[in-house]
1. Determine the share of the range 61-125's accessible area contributed by carbon and sulfur atoms, expressed in whole percent, with a 1.4 angstrom probe.
2. What FRET efficiency comes out for LYS90 versus TYR131 if R0 is 35 angstrom and r is the Cβ-Cβ distance? Round to the nearest 0.05.
3. On the full set of protein chains, 1.4 Å probe, figure out the accessible area of SER89 and give it in Å² to the nearest 10.
4. For a quick check: with amide H placed at 1.01 Å from N, whose amide H comes under 5 Å from ILE170's, ignoring anything fewer than 5 positions away on the same chain?
5. Give the ranking of TYR151, TYR188, TYR107, TYR156 by solvent-accessible surface, highest area first, calculated with a 1.4 Å probe.
6. For a test of understanding, tell me how many lysine pairs in the range 83-202 have Cα atoms under 24 Å apart, given they are 8 or more places apart or on different chains.
7. Express the Stokes-Einstein translational diffusion coefficient of the range 76-213 in µm² s⁻¹, to the nearest whole number, given a Kirkwood radius over alpha-carbon pairs, 20 °C and a viscosity of 1.002 mPa s.
8. Tell me the net charge near GLN153. Cut-off is 11 Å between Cβ atoms, GLN153 excluded, with +1 for each Lys or Arg and -1 for each Asp or Glu.
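The values are calculated or read from the model by the stated rules, or taken from the named source; none is laboratory data. Here the structure is a predicted model, which means the values were calculated and not measured. Neighbour counts are summed over all protein chains in view; Cβ atoms, including those assigned to glycine, are modelled from backbone coordinates with ideal geometry. Surface accessibility is based on the protein's heavy atoms, side chains included, excluding ligands, DNA and RNA. Shrake-Rupley method; radii C 1.70, N 1.55, O 1.52, S 1.80 Å.
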Amino acid sequence: MSITQPIKNTLKTVWQACISNTAWRWFQKIIILTVFSLVVNHLASQDNFIDTESYRFPIEGFLSTIMLFILIGIITNLNFKFYKKKYFSKKIEVVTILRFMLSTLGYITIMYIPVNIILNIITGGQTEFYYLLIGLVITLLLSFIFIVILYTQDLYSLYTLSIKDAEITIESGAKTTKLTYENIACFYSENKIVYTVQNDGTTINTDFTLKEL
């Protein structure tokens, strides 16, 4: 019996699963973008409140917000890919996440100012520093919330993968044992000795203190 066909079928199934997962993630991002834009525009002005008599759907603001956050999404996605390749694939740290957020907001600032000035020139308006600054602060605040909503799941998935294969060296007298975090159930201390309990119930006494762990 040939094993070529089962292998092809397995690869096909894996490929379809990857495509489905990617498509689902993009679908989630589109839904989040749409809902986020709707909420922002309906809270931006009292006339946009649904329960008011003068309510009208903010179509111009909604489309503008969609376009703005598509640009922000592109910038964030490119920066996330860079950090994922250089930093996040190795280790997820709070400092690295903060650097990712600050650098992304910095790129958004660099994009926002010239785009705003160009749009004012096209529409015949004047660029006033005060309104430019207020608009930038609001955009950065909304961008921060938007990025957190979009990438929390991705960062958590990368964090889970990073600790799955991580190892800790357990020294017990002259014996040294290497365990992956995934195989460790817990640590506990008894009579000033710290013990490691593996998932299979095996207990190993260590030279660590709980504070060191």
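1. 74 percent
2. Details: r = 43 Å, r/R0 = 1.22.
In this case the efficiency is close to 0.25.
3. 70 Å²
4. Excluding prolines and chain starts, which carry no amide H, the hits are THR177, LYS178, LEU179.
5. Numbers: TYR151 10, TYR188 85, TYR107 115, TYR156 150 Å².
Sorted descending by solvent-accessible area, the residues read TYR156, TYR107, TYR188, TYR151.
6. Counting lysine pairs in the range 83-202 gives 11.
7. Using the Kirkwood radius from Cα pairs, D works out to 113 µm²/s.
8. That works out to +1.
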